[in-house]
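A short worksheet on the structure shown next.
The values are calculated or read from the model by the stated rules, or taken from the named source; none is laboratory data. If you're wondering where the values come from, they're calculated on a predicted model, not measured in any experiment. Cβ coordinates were reconstructed from backbone atoms using ideal geometry, including for glycine residues, and neighbour counts include every protein chain displayed. Areas reflect the complete protein model, heavy atoms only, side chains present, ligands, DNA and RNA absent. Shrake-Rupley method; radii C 1.70, N 1.55, O 1.52, S 1.80 Å.
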Amino acid sequence: MKVLEKLGFWMIPLVALIILGLIYYGPFGLYDKVKGIASGIKEYAPNITVGMNPLKASPATISGSQESEVSALKATIERMLKSSKNDCFDDFSGFKEDLGEGDKSTKISIRYDNLKDQSVFTITNLGGQTVKVFKVPKMKPCVIAGTNQAAVTFLNTFSGGEFQDEPEIAFTGNYYTLVNNLEIYYHKYYSKYSGNIIRVLDWSGDPVNDESDNFQSAGILFKGKDNQICFFPTNKAADADKDGIDNDQFTDLKDKESIAYQVKIEKRYTCS
């Protein structure tokens with residue numbers, strides 16, 4: 001009798017478990033119904049996992065034309081550095097349009113790393129987002145401007161050359177100024193004075209930094225005697241002074257004695 005009681009004690013829960021299993025997992029069981037309900041909820045309910053997924057920011061960009069012009073600047077500088085010539089010119093064609101304002105603004109920052117002997121270019125957009133960074137080994141940035149009268153010496157030496165006879169120009173003295181930090185970008189002034197500007201961050205106030213629309217050098221660059229790659233700040237009044245060289249030297253292609261005519265038209269004194 002006790003054996004039957006013990007057997008009954010174990011059998012009743014076992015039978016109950018089997019019956020529940022048939023109800024839940026059987027061909028018409030609750031499992032499939034529960035699955036169907038869950039699938040319906042997933043299909044029609046809002047996707048509540050969206051907030052948990054990491055947000056993917058759009059990549060920082062600049063306009064296509066400016067990107068190609070920055071690439072041309074990089075390629076031109078690298079070509080100049082590979083050349084065996086010194087005291088020579090090259091031309092990346094400049095920026096066909098202003099570097100822009102608003103959501104089309106582009107800034108080019110150049111920093112010289114003395115320890116690694118290289119220049120680091122950082123391209124950013126209006127929001128300060130970095131679009132591109134590249135390094136140019138051996139390049140020492142410089143400007144044809146400064147209180148050492150570099151622009152005056154440069155232009156006097158260049159203008160004194162007999163273009164048809166002399167294969168090169170004998171530059172001596174302070175005809176450029178080495179710098180460690182440059183910026184080139186668009187700045188809006190009143191009326192016609194808005195445009196691309198170049199700034200020497202090593203200097204406070206003038207020279208160069210107090211000028212508006214002062215990067216009208218038409219893409220012309222200069223290479224010195226020891227991998228110096230020089231930019232030309234420009235002014236609108238003097239032939240040459242601490243702020244740079246007269247912009248007419250770069251924009252007037254009809255003047256046969258101008259830098260622009262000799263470099264862009266006659267292809268003289270080029271690094272290639």
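Amide H to amide H, which residues 5 or more places from L201 or on other chains are under 5 Å from it, using H placed in the peptide plane?
N181, L182, E183
With the cut-off at 1.5 for a/c, could you classify the stretch 177-230 from its C-alpha gyration tensor as rounded, prolate or oblate?
oblate
Could you please report the charge total around I220, scoring K, R as +1 and D, E as -1 over all other residues with beta-carbon less than 10 angstrom from its beta-carbon?
Cβ neighbours under 10 Å give a net charge of -1.
Find the all-direction average of the projected area of the Cα convex hull for the stretch 195-272, expressing the result in square nanometres with one decimal place.
Approximately 5.8 nm², given one-decimal rounding.
Which FRET efficiency value, to the nearest 0.05, do you get for T157 and T122 by plugging their Cβ-Cβ distance into 1/(1 + (r/R0)^6) with R0 = 25 Å?
For R0 = 25 Å, the calculated efficiency reads 0.15.
Carbon and sulfur atoms: what percent of the 1.4 Å accessible area of the stretch 92-159 do they account for?
It is 47 percent, rounded to a whole number.
Between N174 and S194, what's the calculated FRET efficiency when r is the beta-carbon distance and R0 is 45 Å? Round to 0.05.
For N174 and S194, the calculated efficiency is 0.90.
Would you please give the residues with an amide H less than 5 Å from that of D246, counting only those at least 5 places away or on a separate chain, with H modeled from the backbone geometry?
N235, A240
Please list, ordered by chain and number, the residues whose modelled amide H lies under 5 Å from the amide H of R268; skip anything fewer than 5 residues away on the same chain.
V263
If you add up the charges near S65, with Lys and Arg at +1 and Asp and Glu at -1, over every other residue whose beta carbon is less than 9 angstrom from its beta carbon, what do you get?
Once positives and negatives cancel, what remains is -2.
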